[in-house]
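J.: Below you will find the structure I want to go over with you.
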Amino acid sequence: MRYLAFFLLFVFFSCGPDPIPVPEPSLLLAPSNLNTCNTATRINDLERQVRFQWTATLNTESYNLIVQNTLTGEQQTIATSLLTESIILTSGAPYQWYVISKSSLTLEEGKSSIWHFYLEGNPQASHFPFPAILVAPSDELIVSLNASNGFTFEWEGNDLDNDIQGYDFYLGTSSSSLNAEREAITSQQVTLVLIPNTVYFWQIISKDLQGNQSASEIYQFQTQ
């Protein structure tokens, strides 16, 4: 009788429904990352039509293309089943874009990496820095402090003019009230003393020699 029970349990669990496959993230193709856009068609003095391309992914029925002007925060989202879409954008500004892979069988989604590009306007104008890429700590990470309760933050800054003058480091316990902890940092890292068992938010402002500046995303982390 005991063997029969084991057999029935085995059949019950082995005959359950197959897991629903999750859509995989796309690989982005164009416009290329951290570069000027070379797939744009001139519409007028202020606008360009930009063609975006990405790869097909498994377990995917449709895609959402998200494009954001990183200066104004203005964002556009296009739902498509294709692997390319064109959008008319304001020239002379930096943008970021990524693709979400979706399926009607599951609420889970696949998110591509985030790429940045600069859409040229006046070729003689200086370029705004790309928003800094926050490296450490990554978003929603639980971090360990050193013996002195210190932690070293790291980020990556890029500018087509290679004229970044420095970075301002913002930190706070609320995303809506960040304080400038360090200003005009010339390296891409800084060590600060933090409070254990505390949730923090951080952001980097990149500034170049022409007075242009850009803000990174705001990342959250917790100390232990």
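The values are calculated or read from the model by the stated rules, or taken from the named source; none is laboratory data. These numbers come from a predicted model, not from an experiment. Virtual Cβ from ideal backbone geometry, glycine too; neighbours counted across all protein chains shown.
J.: Report whether or not Ala147 is more than 24 Å from Lys207 (Cα to Cα) and aliphatic (A, V, I, L, M).
T.: So Ala147 fits the description; yes.
J.: Continuing with the same structure: Would you be able to say whether some residue in the range 119-132 is outside any loop (DSSP other than H, G, I, E, B) and within 30 Å of Gln224 (Cβ to Cβ)?
T.: The answer is yes, given that some residue of the range 119-132 is outside any loop (DSSP other than H, G, I, E, B) and within 30 Å of Gln224 (Cβ to Cβ).
J.: Another question about this same structure. Within the range 99-118, can one find any residue that is in a loop (DSSP other than H, G, I, E, B), within 22 Å of Trp202 (Cβ to Cβ) and modelled with pLDDT under 95?
T.: The initial filter retains those residues of the range 99-118 that are in a loop (DSSP other than H, G, I, E, B), namely 104-105, 112-114.
This time we only want the ones that are within 22 Å of Trp202 (Cβ to Cβ), so: 113-114.
Now narrow it down to the ones that are modelled with pLDDT under 95: none.
The answer is no; no qualifying residue exists.
J.: When the range 77-94 is examined, which residues are found to be under 21 Å from the mean Cα position of the chain (by Cα), among the hydroxyl-bearing types (Ser, Thr, Tyr) and under 28 Å from Val22 (Cβ atoms)?
T.: Those that are under 21 Å from the mean Cα position of the chain (by Cα), among the hydroxyl-bearing types (Ser, Thr, Tyr) and under 28 Å from Val22 (Cβ atoms): Thr77, Thr80, Thr84.
Okay, residues lined up against (1) without any contact (Cβ under 8 Å) to a residue 24 or more places away in the chain; (2) acidic (Asp, Glu); (3) exposed (fewer than 11 other Cβ atoms within 10 Å of the Cβ):
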| position | (1), (2), (3) |
| --- | --- |
| Pro21 | no, no, no |
| Ser26 | no, no, no |
| Ala30 | yes, no, no |
| Leu34 | no, no, no |
| Ala40 | no, no, no |
| Asn44 | yes, no, yes |
| Gln49 | no, no, no |
| Trp54 | no, no, no |
| Val67 | no, no, no |
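J.: When only residues in the range 147-172 that are within 20 Å of Gln210 (Cα to Cα) and among the aromatic types (Phe, Trp, Tyr) count, which is surrounded by the most Cβ atoms within 10 Å (Cβ to Cβ)?
T.: Tyr167
J.: Another question about this same structure. Evaluate the range 91-114: report whether one residue or more is β-branched (Val, Ile, Thr), touching a strand residue (DSSP E or B) at 6+ places or on another chain (Cβ under 6 Å), closer than 30 Å to Glu183 by Cβ and in the same structural domain as Ala180 (by TED's automatic domain parsing). Lay out the reasoning, then the answer.
T.: If we filter the range 91-114 for residues that are β-branched (Val, Ile, Thr), which is where we start, we get 99-100, 106, 114.
Going one step further and asking which of them are touching a strand residue (DSSP E or B) at 6+ places or on another chain (Cβ under 6 Å), we end up with 99-100, 114.
Keeping just the survivors that are closer than 30 Å to Glu183 by Cβ gives 114.
Subsequent filtering for residues that are in the same structural domain as Ala180 (by TED's automatic domain parsing) retains none.
No, because not a single residue in the range 91-114 is β-branched (Val, Ile, Thr), touching a strand residue (DSSP E or B) at 6+ places or on another chain (Cβ under 6 Å), closer than 30 Å to Glu183 by Cβ and in the same structural domain as Ala180 (by TED's automatic domain parsing).
J.: Identify, by number, the condition in (1) surrounded by fewer than 19 Cβ atoms within 10 Å (Cβ to Cβ); (2) touching a residue at least 60 places away in the same chain (Cβ under 8 Å); (3) outside any loop (DSSP other than H, G, I, E, B); (4) aliphatic (A, V, I, L, M) that Ile78 doesn't meet.
T.: Evaluating Ile78 over (1) surrounded by fewer than 19 Cβ atoms within 10 Å (Cβ to Cβ); (2) touching a residue at least 60 places away in the same chain (Cβ under 8 Å); (3) outside any loop (DSSP other than H, G, I, E, B); (4) aliphatic (A, V, I, L, M) leaves (2) as the failure.
J.: Look at the range 77-93 and say how many of its residues are within 13 Å of Arg48 (Cα to Cα) and not β-branched (Val, Ile, Thr).
T.: 5
J.: Yes or no: Ala125 at pLDDT 95 or above, small (Gly, Ala, Ser) and not assigned by TED's automatic domain parsing to the domain that holds Ala79?
T.: Taking the combined requirement at face value, the residue does not satisfy it.
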